[in-house]
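Here is the structure we will look at.
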Amino acid sequence: MSTTADLHGIVAEHVAAVNAQDEDAIVATFADDALVNDAHREFWGTDAIRRWVAKEMVGDKITLEVIEVIERYGETIVRGRYDGEFDKTNLPEEVILTNYLTVRDGKIVSLIVIRNTPGY
């Protein structure tokens, strides 16, 4: 099991900003033309990402407890427990989401957030 101590660079800054619920700091971790895909919805560029962060991260008081970090082929995979004031209808008691982050030139260029289910 990995922890936030296993995080480094901009990914560590991103997780810290999420947990601090700091809108400007979260948005600052992304490249200008970054892509976020959350719940099968795409947010392209910092303006769209800022709206998503304001409403669904800071607005819902999201916290992220990192439970696993995997570095694979230049991608950082962060699995974590999410909590906050979001609608938890039809969600399990413990919400575990996987974040697939791609970093280029010190900024997040893509973040894909998925609620995975175990494979075979």
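A helix-only calculation puts the chain at -6000 deg cm²/dmol for mean residue ellipticity at 222 nm, using -39500 (n - 2.57) for each DSSP H run of at least four residues, averaged over all residues. Between the residues GLY59, VAL11, GLY119, the greatest Cα displacement towards the positive end of the dipole of the chain, with unit charges on the Cβ of Lys, Arg, Asp and Glu, is found for GLY119. Dipole magnitude for the range 38-80: about 180 debye, using +1 per Lys or Arg Cβ and -1 per Asp or Glu Cβ, origin at the Cα centre.
For ALA34, the residues whose amide H sits under 5 Å from its own are GLY45, THR46, ignoring neighbours fewer than 5 places away on the same chain, with H placed 1.01 Å from N.
Using the Cα coordinates of the chain, the gyration tensor eigenvalues translate into equivalent-ellipsoid semi-axes of 20, 18, 14 Å, sorted from longest to shortest. Of ASP105, ASP47, ASP33, which is the most mobile in a GNM of the chain whose springs link Cα atoms less than 10 angstrom apart? The residue with the greatest mean-square fluctuation here is ASP105. For a paramagnetic label modelled on ILE67 (point 7 Å from Cα along Cα→Cβ), amide N atoms under 16 Å away belong, within the range 93-113, to 93-100.
Ordering PHE86, VAL103, TYR73 by Cα displacement along the dipole of the chain toward the positive end leaves TYR73 in first place; charges were set at the Cβ atoms of Lys, Arg (+1) and Asp, Glu (-1). Just check the range 64-120 against the gyration tensor rule for me: Cα atoms, a ≥ b ≥ c as the square roots of the eigenvalues, rounded for a/c under 1.5, and otherwise prolate or oblate depending on whether a/b exceeds b/c. Note, shape of the range 64-120 comes out prolate.
Computing FRET efficiency as 1/(1 + (r/R0)^6) for ASP47 and ASP22, where r is the C-beta to C-beta distance and R0 is 25 Å, gives about 0.90.
Neighbours of ALA17 by Cβ distance under 9 Å: Lys/Arg scored +1, Asp/Glu scored -1, total -4.
Placing +1 at every Lys and Arg Cβ and -1 at every Asp and Glu Cβ, with all other atoms neutral, what dipole size does the chain have around its Cα centre, in debye to the nearest 20?
Values: 12 positive and 22 negative charges, 47 e Å.
The dipole magnitude comes to about 220 debye.
Rounded to the nearest 0.05, the FRET efficiency derived from the C-beta distance between ILE112 and ASN90 at R0 = 30 Å is 0.90.
Considering only ILE77, ILE96, ILE67, the Gaussian network model of the chain with Cα springs below 10 Å gives its largest mean-square fluctuation to ILE67.
Coordinate-derived values only; no laboratory data. Bear in mind that the values here come from a model prediction, so they are computed numbers and not experimental data. In this analysis, Cβ positions are derived from the backbone assuming ideal geometry, glycine residues included, and neighbour counts consider all displayed protein chains.
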